[in-house]
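Notes to accompany the following structure.
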Amino acid sequence: MLVVISASGCDDAAPKPEPESRAPIASCVGDDEQRTNGVTLKGAAGNTVDALTYGTGDTGVVFANQVDGDLCQWQWAAQTLAQQGMRTTVFNYSLTEGADEDVLAAVTSLRADGAKRIFLIGASKGGTAVLAAGAKASPPVSGVVSLSAPAVFSGIDAAGAMATFHTPVMFFAGENDGNFASDARALFQACAATDKKLQILPTANHGVALVDAKVFGLIKDFMASH
């Protein structure tokens with residue numbers, strides 16, 4: 001007697017689930033990168049901050065961009081430092097105001113991931129934000145780099161924070177970049193930190209555009225020395 005046993009369904013492997021898809025948060029971010037590196041940070045006020053994180057290690061770096069751009073402005077620097085053994089974060093501002101709180105949300109996330117030293121680097125609005133965040137961070141961050149920061153921007157008062165600011169800090173600005181050089185000088189003079197440096201460069205470049213190979217080298221030397 002011939003017995004026929006149906007194998008229907010036995011050879012059909014269960015379909016593999018498709019990887020979770022997240023809409024890219026910026027034009028420079030592809031689908032794979034968004035899935036691999038995309039994170040949502042939680043601000044103290046309950047706001048959410050779209051961000052990318054790169055790298056490993058016990059040194060963390062938060063980059064804050066200018067008001068006329070998004071995290072793409074600093075992505076190259078974040079990826080470069082990640083390749084050199086650091087944890088890095090770039091993010092998009094969650095609100096018109098409160099950019100310093102977005103920076104602090106990134107600090108909290110990096111510390112939770114194992115970073116023991118944190119540096120804040122910001123350009124223009126981002127420079128004002130990292131100065132204000134550096135004044136608030138507890139425990140303190142290891143250093144702050146401000147490029148072309150206005151003394152006050154969109155409710156963030158970096159100038160008012162300088163009297164109690166004791167974190168190592170570097171101020172950069174272009175000599176021919178409007179009022180930003182005078183703001184950098186005023187912030188430097190008002191800053192209570194004893195470990196502070198001022199670099200006024202012979203250029204009209206602003207913010208991220210100040211960061212050529214020489215300036216990037218100075219920033220990396222600053223971090224290495226702290």
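Please find, among 135, 190, the residue that is farther than 20 Å from residue 223 by Cβ and not charged (D, E, K, R).
Exactly one of 135, 190 is farther than 20 Å from residue 223 by Cβ and not charged (D, E, K, R), namely 190.
Just for the stretch 46-64: of the residues that are modelled with pLDDT under 90 and not in a strand (DSSP E or B), which one is nearest to the chain's Cα centre (by Cα)?
Across the stretch 46-64, the extreme among qualifying residues is 47.
Condition first: within 11 Å of the chain's Cα centre (by Cα) and aliphatic (A, V, I, L, M). Now tell me which residues in the stretch 65-79 satisfy that.
The answer is 71, 77, 78.
Being within 22 Å of the chain's Cα centre (by Cα) and more than 19 Å from residue 120 (Cβ to Cβ) is the filter here, so list the residues in the stretch 184-205 that pass it.
205
So which residues in the stretch 65-82 are surrounded by fewer than 22 Cβ atoms within 10 Å (Cβ to Cβ), at pLDDT 95 or above and either touching a helix residue (DSSP H, G or I) at 6+ places or on another chain (Cβ under 6 Å) or under 15 Å from residue 223 (Cβ atoms) (or both)?
Passing the criteria: 66, 77, 80, 82.
Restricting to the stretch 151-174, count the residues that are of a type outside the set (A, V, I, L, M, F, W, C) and farther than 14 Å from residue 191 by Cα. Steps first, answer last, please.
Of the stretch 151-174, the ones of a type outside the set (A, V, I, L, M, F, W, C) are 154-155, 157, 160, 164, 166-168, 174.
Then drop every residue that is not farther than 14 Å from residue 191 by Cα, which leaves 154-155, 174.
Residues that pass the stated criteria total 3.
Testing residue 27 on (1) surrounded by fewer than 19 Cβ atoms within 10 Å (Cβ to Cβ); (2) out of contact with any Cys (no Cβ under 7 Å at 6 or more places or on another chain); (3) within 24 Å of residue 211 (Cβ to Cβ); (4) of a type outside the set (A, V, I, L, M, F, W, C), one condition comes back false. Which one is that?
(2)
Among the residues of the stretch 30-61, how many are farther than 30 Å from residue 221 by Cα and either surrounded by 17 or more Cβ atoms within 10 Å (Cβ to Cβ) or in contact (Cβ under 8 Å) with a residue 40 or more places away in the chain (or both)? Working first, answer last.
Step one: list which residues in the stretch 30-61 are farther than 30 Å from residue 221 by Cα, which gives 30-32, 34-35, 40, 42-48.
Remaining after also requiring either surrounded by 17 or more Cβ atoms within 10 Å (Cβ to Cβ) or in contact (Cβ under 8 Å) with a residue 40 or more places away in the chain (or both): 34, 42-45, 47-48.
Residues that pass the stated criteria total 7.
For the stretch 119-131, enumerate the residues that are over 13 Å from residue 62 (Cβ atoms) and touching a strand residue (DSSP E or B) at 6+ places or on another chain (Cβ under 6 Å). Spell out how you get there, then give the answer.
Let us first name the residues in the stretch 119-131 that are over 13 Å from residue 62 (Cβ atoms), namely 124-125, 128.
If the condition is that a residue be over 13 Å from residue 62 (Cβ atoms) and touching a strand residue (DSSP E or B) at 6+ places or on another chain (Cβ under 6 Å), then 125, 128 are the ones that fit.
Being over 18 Å from the mean Cα position of the chain (by Cα) and within 19 Å of residue 126 (Cβ to Cβ): is that true of residue 181 here?
Numbers: over 18 Å from the mean Cα position of the chain (by Cα): yes; within 19 Å of residue 126 (Cβ to Cβ): yes.
When the stated conditions are applied, residue 181 passes them.
Quickly run through the stretch 182-216 and pick out the residues that are crowded, with 20+ Cβ neighbours inside 10 Å and closer than 16 Å to residue 159 by Cα.
Passing the criteria: 183, 184, 187, 188, 191.
How many of the residues in the stretch 4-45 are at pLDDT below 80 and among the small types (Gly, Ala, Ser)? It would help to see each step written out before you state the result.
Initially, the stretch 4-45 is screened for residues at pLDDT below 80, giving 4-24, 44-45.
With among the small types (Gly, Ala, Ser) added as a condition, the list becomes 6-9, 13-14, 21, 23, 44-45.
Looking only at that region, the number is 10.
Among the residues of the stretch 117-124, is there at least one that is free of Cβ contacts under 8 Å to residues at least 60 places away in the same chain, of a type in the set (A, V, I, L, M) and closer than 19 Å to residue 68 by Cβ?
no
The values are calculated or read from the model by the stated rules, or taken from the named source; none is laboratory data. Quantities reported herein were computed from a predicted structural model and do not represent experimental measurements. Virtual Cβ from ideal backbone geometry, glycine too; neighbours counted across all protein chains shown.
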